[in-house]
Amino acid sequence: MTTTSASALDFTAIDVETANSSRASLCAVGLTRVRDGQVVEQMSSLVVPPQGHDEFAPRNVDIHGITAAAVADAPSWEQLYPQVMAFIGEDPLVAHNAPFDRSVIQQVSSVYDLDWPTSPWFDTLPLARALLTLGSYSLPFVAKALDLPELDHHEASADALQAARILLALSARAGVSALADLPAGAPGYRPVPRSGASTPGGAPTPALRAPGDFSGLTATDVLAGESVVFTGKLLLSTRAEAQALVEHFGGAAQGSVMRTTTILVAGDLDPRSLRPGVQLSRKLEKAMDLAAKGQPIEVWTEDDFHQRLDVGRDQLEAATREQRVQANPSWLPEHVITQAQALDSSTSYQQWLRAALRHPEGKPKGGGSCIRCGEGLVVDGYWLFLERRVCSGDCNEKLKDKAKREWAKLGIERPAAPSYSSSWGRR
Ligand SMILES: [Zn+2]
């Protein structure tokens with residue numbers, strides 16, 4: 001029997017698709033299990049998104065082709081969760097642009113009040129940016145640069161398999177044979193200084209960093225150090241708004257592509273057509289050429305741009321919340337102790353948890369603020385959080401964690417959390 005550890009290339013790669021811009025709108029999930037550097041098992045499923053998050057936006061349907069009709073008979077995340085958690089087991093999770101997949105899994109779990117996976121996350125995107133110089137770091141381009149076979153991009157099971165293969169190929173390039181030597185959950189998208197600056201006319205071979213050199217992979221400001229140019233018609237914002245967003249996230253907006261440009265956002269580029277071998281506009285081909293010659297410039301679709309900024313916004317919001325909480329470290333309300341002491345531990349885990357964590361006065365009537373971070377409560381938010389008077393999935397999870405530690409300290413008995421080991425044949 002082999003146990004999973006960070007001392008080998010043992011992990012589960014994951015990919016998710018969403019129905020709309022809500023992170024809770026999970027509509028497909030794919031998983032690939034790797035043992036000792038070999039793909040050993042896969043699972044995938046369509047998912048019917050939770051109520052209130054179940055509208056299929058045309059932009060999303062264009063990208064992955066999944067519709068409301070396609071998920072009509074699919075399980076909900078609540079139904080699928082035990083199977084997925086059993087598949088993941090104790091594995092570290094690997095994803096390409098992991099902050100997005102992680103956030104989707106957390107937010108959709110929060111809607112059903114399911115515990116977040118506790119696995120550490122590893123991101124192949126900053127790793128690829130550190131080790132390769134490409135015109136695009138989307139899965140198909142990274143796969144091509146690593147000589148991996150092309151798969152059906154934006155199909156969750158194919159993308160999970162591709163993320164697994166990319167992690168293995170990048171580890172081999174970096175001379176790393178254990179996940180522990182990779183940066184855990186690297187959240188950053190800071191442009192990593194790339195070696196071999198400009199080699200005009202040189203062969204378009206990816207520039208490599210020294211093995212094991214992952215410096216500069218973490219950042220709080222998603223666009224710090226980036227110089228961004230917009231081209232084509234933007235769908236979600238005006239050029240001026242987009243440029244203001246760039247500045248807000250620490251980047252510099254430029255009017256046209258220069259030697260210092262690091263990101264070219266192509267507004268009218270169909271995300272499906274940004275893949276190796278497809279004919280691009282002259283401007284985009286020129287940018288791809290510059291990248292091939294060593295200039296650290298990337299082509300992003302408008303979707304890429306907004307997704308990175310969403311991740312940045314998440315990080316900024318989380319940081320702001322944590323600052324407020326640090327100012328009030330003893331925030332755990334007394335009612336979660338007194339209620340827990342009075343509860344019968346023979347009920348179900350979920351029932352017990354809900355009764356223990358509920359605010360004694362229930363949902364606030366207009367206004368109110370988060371018992372953890374003080375954020376104002378949105379009264380049409382999730383019913384569960386409102387009943388507890390927490391503002392977000394994040395504060396909900398922290399409330400559960402802190403309460404569990406406190407209950408354990410006080411010896412308060414509670415039902416055991418469900419265990420998800422099943423017939424999924426872990427080895
Ligand atoms: Zn809060």
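You will find that of D115, D147, the residue that is in a loop (DSSP other than H, G, I, E, B), without any contact (Cβ under 8 Å) to a residue 40 or more places away in the chain and either open to solvent by 30 Å² or more (accessible area, probe 1.4 Å) or in the same structural domain as G65 (by TED's automatic domain parsing) (or both) is D147 and no other.
Checked against (1) out of contact with any strand residue (DSSP E or B) (no Cβ under 9 Å at 6 or more places or on another chain); (2) open to solvent by less than 40 Å² (accessible area, probe 1.4 Å), W300 passes all but a single condition, namely (1). Is it the case, given these coordinates, that V278 is open to solvent by 40 Å² or more (accessible area, probe 1.4 Å) and either in a loop (DSSP other than H, G, I, E, B) or outside the structural domain of G135 (by TED's automatic domain parsing) (or both)? For V278, the condition - open to solvent by 40 Å² or more (accessible area, probe 1.4 Å) and either in a loop (DSSP other than H, G, I, E, B) or outside the structural domain of G135 (by TED's automatic domain parsing) (or both) - is met.
Restricting attention to region 13-47, the residues that are part of a strand (DSSP E or B) and either touching a Pro at 6+ places or on another chain (Cβ under 7 Å) or on the phi > 0 side of the Ramachandran plot (or both) total 3. Every condition in (1) open to solvent by 10 Å² or more (accessible area, probe 1.4 Å); (2) over 30 Å from Q351 (Cβ atoms); (3) modelled with pLDDT under 90 is met by A130 except one, and the failing one is (1). Taken over region 349-364, the criterion of being open to solvent by less than 70 Å² (accessible area, probe 1.4 Å), within 16 Å of the ligand (Cβ to nearest atom) and assigned to a loop (DSSP other than H, G, I, E, B) is satisfied by H359, P364. Residues of region 365-377 that are within 11 Å of the ligand (Cβ to nearest atom), out of contact with any helix residue (DSSP H, G or I) (no Cβ under 8 Å at 6 or more places or on another chain) and either among the hydroxyl-bearing types (S, T, Y) or open to solvent by 60 Å² or more (accessible area, probe 1.4 Å) (or both): S369 alone. Taking first residues from region 256-282 that are within 24 Å of V222 (Cβ to Cβ) and partners that are modelled with pLDDT under 80 and small (G, A, S), the Cβ contacts under 9 Å between residues at least 6 apart in sequence or on separate chains come to R259/S198. Counting only residues that are in contact (Cβ under 8 Å) with a residue 60 or more places away in the chain and within 20 Å of S103 (Cβ to Cβ), region 121-144 holds 9 of them. Among all residues of region 307-327, there is at least one that is within 16 Å of the ligand (Cβ to nearest atom), outside any helix (DSSP H, G or I) and surrounded by fewer than 16 Cβ atoms within 10 Å (Cβ to Cβ). Out of curiosity, is S330 surrounded by fewer than 12 Cβ atoms within 10 Å (Cβ to Cβ), in contact (Cβ under 8 Å) with a residue 40 or more places away in the chain, in a loop (DSSP other than H, G, I, E, B) and away from the ligand (no atom under 13 Å from the Cβ)? When the stated conditions are applied, S330 does not pass them. Applying the condition of being assigned to a loop (DSSP other than H, G, I, E, B) and under 19 Å from C395 (Cα atoms) to region 333-348 and asking which residue is farthest from the chain's Cα centre (by Cα) yields E334.
With the requirement that a residue be at pLDDT 85 or above and touching a helix residue (DSSP H, G or I) at 6+ places or on another chain (Cβ under 7 Å), what does region 378-390 give you?
First pass over region 378-390, keeping only residues at pLDDT 85 or above: 385-390.
Result: F385, R388, V390.
Checking each residue in region 365-406 for being acidic (D, E) and in a loop (DSSP other than H, G, I, E, B) picks out E375, D380. Scanning region 43-93 for residues that are closer than 23 Å to R272 by Cα and of a type in the set (A, V, I, L, M) yields L46, V47, A57, V61, I63, I66, A68, A69, A70, V71. Restricting attention to region 385-412, the residues that are surrounded by 13 or more Cβ atoms within 10 Å (Cβ to Cβ) and over 30 Å from P99 (Cβ atoms) add up to 2.
The values are calculated or read from the model by the stated rules, or taken from the named source; none is laboratory data. Here the structure is a predicted model, which is why all the values come from computation and not from measurement. Ideal geometry is used to build each Cβ from the backbone, glycine not excepted, and the neighbour counts take in all protein chains shown. SASA here: full protein model, heavy atoms, side chains in, ligands and nucleic acids out. Shrake-Rupley method; radii C 1.70, N 1.55, O 1.52, S 1.80 Å.
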